[in-house]
Amino acid sequence: MKRTIFVLHPSIRARAYLQRACINGLKPGKVIRLGSDADDVASRAWTSPADRSFDPQESLRETIRRFDLNEVHVEDPDVNSESLCAAVRAVDPDLVVFTGGGVLQPATLASAPAWLHVHPGRLPDRRGSTCIHYGLLLDGAVEASAMIMRAGLDEGPVICTRRFEASTQWSAEGLDHVDDAWIRSSVLVDALAHWRDVVPRQQTGTPRTFFVIHPVLKHFALGLLEETNPRARRVDHLEAISS
Amino acid sequence: MLDTYLGPTRLETRKPYSFSPYHGDAFVDAHREARAQWIAELQERGATVERFGAVLDPRAPRDDADRRHALDVWLQRTATESLATQPLDAGAWSERIGRAHLDAKLPLIEDREANWSFETIEHWVQRFEAFGCVHTLYDGGGRRVVRDPNRTPVVLRLSFATAWAAVSARDAAQCVILLNALLKMMDLLQAQVLHGGAGLDDDEASMALATLLMERRVLDRVSTGVGRMSEGTAT
């Protein structure tokens with residue numbers, strides 16, 4: 001992992017990625033931490049996942065210290081800044097793990113041979129935005145794919161895909177942050193462990209692009225999630241809407 | 001309650017959708033009530049699906065007879081809440097819709113035949129989602145330009161076409177993609193009508209009513225279990 005680096009944009013996803021990679025013996029050779037300490041603040045809503053596989057309240061700096069990681073700090077939080085590109089080029093990595101923070105521009109992608117991203121959907125038929133909700137709505141499950149990024153949206157070759165059935169341990173309140181981070185980081189660990197041994201699969205089949213989900217549909221998706229949870233209250237919103 | 005989403009200023013950027021949190025029961029209840037109220041207002045002023053009548057352009061692709069039939073049946077049920085036969089008179093509406101498209105200078109839907117193809121509707125849905133508003137286009141230099149300042153009729157026609165496509169969607173994923181755009185389009189229309197003072201003539205009011213009823217039915221399909229929808233089921 002010496003030439004594998006993480007670009008850490010402050011978020012719960014970045015925290016999950018970094019902690020779970022390190023715990024699983026996949027310590028990056030270097031991390032580039034973006035933004036100020038003020039950007040790297042936890043929300044109270046970030047509760048631990050059921051398996052305690054990461055601690056959402058542990059800051060990126062704390063994790064870096066705990067695992068004695070080699071850090072480069074870039075004050076600008078912009079994932080397409082020239083300072084980040086320069087920092088990446090200076091490290092000369094063979095793989096950069098992307099933790100989110102925006103859409104990467106071609107110039108940023110060109111700063112390293114490969115950028116790895118975990119998309120919460122099956123590819124190519126679940127491209128685009130908020131696919132975690134669409135997965136629940138359409139399949140009652142979430143599939144996440146690790147891929148090498150390309151300039152086109154979610155068009156890159158796929159390293160691995162994993163399916164997660166809707167879990168009673170997920171919640172409507174936590175899906176957008178802690179559960180999403182847990183799902184993606186689970187696939188990231190798989191991908192980092194095996195990416196050198198596999199040839200990324202070019203996407204074939206008919207692509208489908210999804211756009212930001214409307215709040216009403218999101219509500220239905222989360223309602224289906226609650227339906228799988230016997231402890232949760234189930235409200236049939238449809239009955240209300242169609243009455 | 002819906003002003004957060006329907007306020008005319010915020011709709012200009014559509015950011016409310018980009019950053020929408022989980023709004024829960026209160027939001028969905030407010031959404032339902034707002035739509036129900038709009039339907040009631042349209043019916044009060046005399047809008048009817050019967051008046052709208054012909055949604056089936058006789059020039060629609062002949063090899064899609066099953067989907068056309070399914071839509072026909074659906075509209076009859078929607079209009080009457082029964083299986084009673086409804087007369088379909090295609091002439092006036094197809095003429096009106098076709099001319100209106102030309103008037104709006106929307107080159108990609110000038111072709112009347114193309115109005116009825118899924119591919120064209122999906123293309124417009126993607127434009128709507130990606131650009132935020134249907135009237136926003138890009139000129140040769142990449143700048144955003146407004147091509148149709150009187151956008152309400154354009155959004156209404158696109159909404160209707162999208163609703164039609166969603167009703168007769170070939171599979172669950174396609175249905176959900178179309179419904180997602182349709183909800184946003186109808187939010188936009190509702191904001192224009194409620195807040196912007198955009199008037200709808202009698203025919204447009206009938207088209208809006210038919211679109212709203214289709215939206216409600218598609219919502220019903222999705223919320224009762226989209227994963228169990230069978231391929232090609234349209235009613």
In nanometres, the difference between 0.36 nm per residue of separation and the alpha-carbon distance of residue A:37 and residue A:75 is 12.8 nm
Along segment A:180-185, Karplus-curve 3J(HN,Hα) (6.51, -1.76, 1.60; θ = phi - 60°) to the nearest Hz, with x for Gly and Pro, reads 4, 5, 5, 4, 5, 5
Per-residue average of other protein chain Cβ atoms inside 10 Å, peptide A:192-200 -> 0
Mean other chain Cβ within 10 Å across B:168-176 is 3
Averaged over residues of A:127-134, the number of beta carbons from other chains lying within 10 Å of each residue's Cβ is 2
For segment A:155-233, the dipole about the Cα centre with charges only on Cβ (Lys and Arg +1, Asp and Glu -1), to the nearest 20 debye, works out at 160
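Throughout, read-outs are computed from the coordinates displayed, never taken from laboratory work. All values derive from a computational prediction rather than experimental measurement. A quick note on method: Cβ atoms are made from the backbone with ideal geometry, for glycine too, and the neighbour counts reach across all protein chains shown.
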